[in-house]
Amino acid sequence: GNSVTQMEGPVTLSEEAFLTINCTYTATGYPSLFWYVQYPGEGLQLLLKATKADDKGSNKGFEATYRKETTSFHLEKGSVQVSDSAVYFCALPASGGSYIPTFGRGTSLIVHP
Amino acid sequence: KAGVTQTPRYLIKTRGQQVTLSCSPISGHRSVSWYQQTPGQGLQFLFEYFSETQRNKGNFPGRFSGRQFSNSRSEMNVSTLELGDSALYLCASRLGDSNTGELFFGEGSRLTVL
């Protein structure tokens, strides 16, 4: 079945530092890939997505490139802000006849001023 | 356009009681799914409904149940509460019948079982 592996957190950075959160996946075929973000006290919201190999999803300064050779979808941001402090989830949509998506365990990001 | 609305936002129950949580999806969204989020287990799928039919159920005991109404609103119920049921319960809706589209989440109902 599908699986998603994310780097464990928390990731602690100073403001303006470079961010990478690693995500690798196992899936049949070439599914879309998603990053969701959960700010404190809120539900998850879609941050970015990519629908095919070599696509780059981007939003709010975050980027992730769909790499089918390495089955990865790493999240990056060049200069993080305190307001980026949140939990980030890498996710695969459901596949086949299932309606169950696959989420990574989530990576907590803490950005200090 | 209003987002996904979950009620109540916070609740405290004691062991053995039951609880009902409500979710109103985004207008026009017919798919509603539920998730349990805990620090130890992460995000776990509970069930998914489309047009009042449960299409998938996660690996949870029968104490966890749900339903969807004709207006797409959904409820989930947990009976005979246990301490381990303390969690954030998230509801998500999706447009259309596809199983691959973006999920839109509510802010969750935080349940504490004492």
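So how far apart, in nm, are the two label points at A:Ala17 and A:Tyr30 if each is 7 Å from Cα heading toward Cβ?
About 3.6 nm separates the two model spin labels.
Counting only protein heavy atoms, what percent of the accessible surface of chain A is carbon or sulfur at a 1.4 Å probe? Write out the running numbers ahead of the final one.
Values: 2580 of 5320 Å².
For chain A, the apolar C and S fraction of the accessible surface comes to 49 percent.
Excluding ligands, DNA and RNA, what is the accessible area buried between chains B and A, summed over both sides, using a 1.4 Å probe, to the nearest 100 Å²?
Protein heavy atoms only, the B-A interface buries about 1700 Å².
Using the Karplus equation 6.51 cos²θ - 1.76 cosθ + 1.60 (θ = phi - 60°), what ³J(HN,Hα) coupling, rounded to whole Hz, does each residue of region A:40-52 give in order, writing x for Gly and Pro?
Values, residue by residue: x, x, 10, x, 7, 9, 5, 9, 6, 8, 9, 9, 8 Hz.
Shielding by partners for B:34-40, please: the mean number of other protein chain Cβ atoms within 10 Å of each residue's Cβ.
What the average comes to for B:34-40 is 2.
Give the residue from A:Thr20, B:Val4, B:Asn71 lying farthest towards the positive end of the charge dipole for the protein assembly as shown; charges sit on Cβ (+1 for Lys and Arg, -1 for Asp and Glu) and the dipole is referred to the Cα centre.
About the Cα centre, the residue reaching furthest to the positive side is B:Asn71.
From other protein chains only, count the Cβ atoms within 10 Å of every residue's Cβ in B:101-108, then give the mean.
Counting other chains' Cβ atoms within 10 Å and averaging over B:101-108 gives 6.
Nothing charged except the Cβ atoms of Lys and Arg (+1) and of Asp and Glu (-1): what's the magnitude of the dipole of region A:1-65 about its Cα centre? Round to the nearest 20 debye.
260 debye
Among A:61-71, A:37-47, B:22-32, how do they line up from the highest to the lowest mean number of other beta-carbon atoms within 10 Å?
Going from most to least packed, we get B:22-32, A:37-47, A:61-71.
If amide H atoms are built 1.01 Å from N in the plane of the peptide, which residues on other chains or at least 5 residues away come under 5 Å of the amide H of A:Ala86?
The list, which skips near neighbours in sequence, is A:Leu109.
Mind listing, in residue-number order, the residues in region B:80-100 that have at least 50 Å² less accessible area with every protein chain present than in their own chain alone (1.4 Å probe)?
Buried by the other chains: B:Asn99, B:Thr100.
What number comes out for accessible area per residue over region A:1-75 if the probe is 1.4 Å? Units Å², please.
Accessible area per residue, region A:1-75: 52 Å².
On the accessible surface of region B:2-78, probed at 1.4 Å, how many percent belong to carbon and sulfur atoms?
45 percent
Calculate the dipole size of the protein assembly as shown relative to its Cα centre from +1 charges on Lys and Arg beta carbons and -1 charges on Asp and Glu beta carbons; express the result in debye to the nearest 20.
620 debye
If I model a spin label at B:Asp97 and B:Glu82 as a point 7 Å from the Cα along the Cα→Cβ vector, what separation in nanometres do I get?
Result: 3.8 nm between the two label points.
Report the charge-dipole magnitude of region B:8-75 in Debye, nearest 20, computed about the Cα centre from +1 at each Lys and Arg Cβ and -1 at each Asp and Glu Cβ.
160 debye
The values are calculated or read from the model by the stated rules, or taken from the named source; none is laboratory data. On a predicted model such as this, the values are computed, not experimentally measured, just so you know. Neighbour counts run over all protein chains shown; Cβ positions are idealised from the backbone, glycine included. The accessibility values were calculated without ligands, DNA or RNA, using every heavy atom of the protein model including side chains. Shrake-Rupley method; radii C 1.70, N 1.55, O 1.52, S 1.80 Å.
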